[in-house]
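K.L.:
First, the structure itself, so that you have it in front of you.
The values are calculated or read from the model by the stated rules, or taken from the named source; none is laboratory data. These numbers come from a predicted model, not from an experiment. Neighbour counts run over all protein chains shown; Cβ positions are idealised from the backbone, glycine included.
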Amino acid sequence: MIRVDQVSRWFGSVVAVSDITFDIGPGITGLLGPNGAGKTTLLRMMTGLADVSDGSVTMFGEPVRDNPALYGRIGVMSEHETVYSFLTGRAFVRLMAEVRGVADPGAAAERAIRQVDLLEAADLKMGTYSRGMRQRMRLAGTLVHDPEVLVLDEPLNGADPRQRAQFQSLLRRLGDEGRTIVLSSHILEEVEQLAETVLLIVNGKLAASGGFRAIRAALDKRPYHVRIVSDAPRKLASAIVMLPSVDAVNVDPDGALVVLSSNVRALQVELPRLARAGAIGLRRIEPLDDSLESVFGYLVGR
């Protein structure tokens with residue numbers, strides 16, 4: 001659906017995005033990175049709102065920049081909360097339909113508001129909405145022309161946990177419909193919970209891409225931490241430290257072992273054999289590096 005090919009963008013001597021290449025298909029793709037990493041600049045180039053300094057961006061095989069016919073297939077929700085507080089939700093979404101040139105703006109607005117589950121609040125002024133409700137009604141305005149591609153810049157910023165869960169559920173439904181959704185965020189757990197594919201942007205560069213476990217597995221220069229709970233931790237520690245797949249073993253105050261392993265697959269095979277040979281009961285084995293926070297921290301620090 002979207003092709004970003006060797007794209008760079010600079011502002012004077014400041015390089016915001018540097019030589020980035022990736023493809024995006026249907027489903028939810030997360031664009032992850034700290035504030036100032038270049039995510040918003042990249043999204044603006046992907047939607048035709050900004051030109052590239054070098055490289056190219058295409059959508060459905062067509063150039064995005066200066067292509068008004070293509071914009072009817074894209075829905076964009078910016079990071080900034082651009083709503084008219086004096087309008088009702090229904091009036092706001094209908095206005096977005098009229099701006100888009102939708103044939104029946106009234107019917108389109110009703111359909112979009114129903115999609116975001118806000119029909120009961122549709123006749124209330126948006127100035128009375130909670131942050132989460134405003135974001136969902138803004139999404140209705142983004143959906144009103146039934147776009148194939150949704151580009152959402154930090155859509156969950158400022159939402160409380162309940163609002164966040166509602167919005168995430170809605171995005172999953174939209175992704176299941178076959179839409180292409182690009183979601184930018186600096187919050188690691190948001191992307192981890194929602195995105196099928198993750199693009200990690202660090203200092204304007206693409207640091208890694210793929211599923212978050214695949215990204216972590218690709219970073220084989222850094223060993224994994226594995227937590228092991230057993231009924232004989234010190235006996236197990238003395239045996240496990242001799243394995244070639246183990247770099248270090250520490251015993252937590254609660255008796256759990258934290259193993260640093262450069263080859264977790266080998267450890268998974270060797271550990272049950274060791275426990276069986278020593279008559280040691282294994283109660284729990286869990287990786288400690290399976291979150292995007294671990295991956296991201298490593299990428300930023302290296």
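K.L.:
Here is a list of conditions, (1) acidic (Asp, Glu); (2) farther than 20 Å from Ile181 by Cβ; (3) exposed (fewer than 14 other Cβ atoms within 10 Å of the Cβ), and Glu62 meets all of them except one; can you say which number that is?
P.N.:
Only one criterion is unmet by Glu62, namely (2).
K.L.:
Among the listed residues Thr29, Thr40, identify the single one that is closer than 15 Å to Val149 by Cα and β-branched (Val, Ile, Thr).
P.N.:
Thr29
K.L.:
While we're looking at this one, here's another question. Among the strands (runs of 3 or more DSSP E) confined wholly to segment 1-89, which include 1 or more residues that are over 22 Å from the mean Cα position of the chain (by Cα) and without any contact (Cβ under 8 Å) to a residue 40 or more places away in the chain?
P.N.:
Here the list reads 2-11, 14-24.
K.L.:
From the list Gly55, Gly48, Gly38, Gly27, which one is in contact with a Lys or Arg (Cβ under 6 Å, 6 or more places away or on another chain), surrounded by 14 or more Cβ atoms within 10 Å (Cβ to Cβ) and at positive phi?
P.N.:
Gly48
K.L.:
Another question, then. Has segment 64-72 got any residue that is touching a Ser or Thr at 6+ places or on another chain (Cβ under 7 Å) and either farther than 23 Å from Asn203 by Cβ or modelled with pLDDT of 95 or more (or both)?
P.N.:
Scanning segment 64-72, I find at least one residue that is touching a Ser or Thr at 6+ places or on another chain (Cβ under 7 Å) and either farther than 23 Å from Asn203 by Cβ or modelled with pLDDT of 95 or more (or both), so the answer is yes.
K.L.:
Right, something else. So Leu183 ticks every box in (1) farther than 30 Å from Phe60 by Cα; (2) within 14 Å of the chain's Cα centre (by Cα) but one. Which box is left unticked?
P.N.:
With respect to (1) farther than 30 Å from Phe60 by Cα; (2) within 14 Å of the chain's Cα centre (by Cα), Leu183 is out only on (1).
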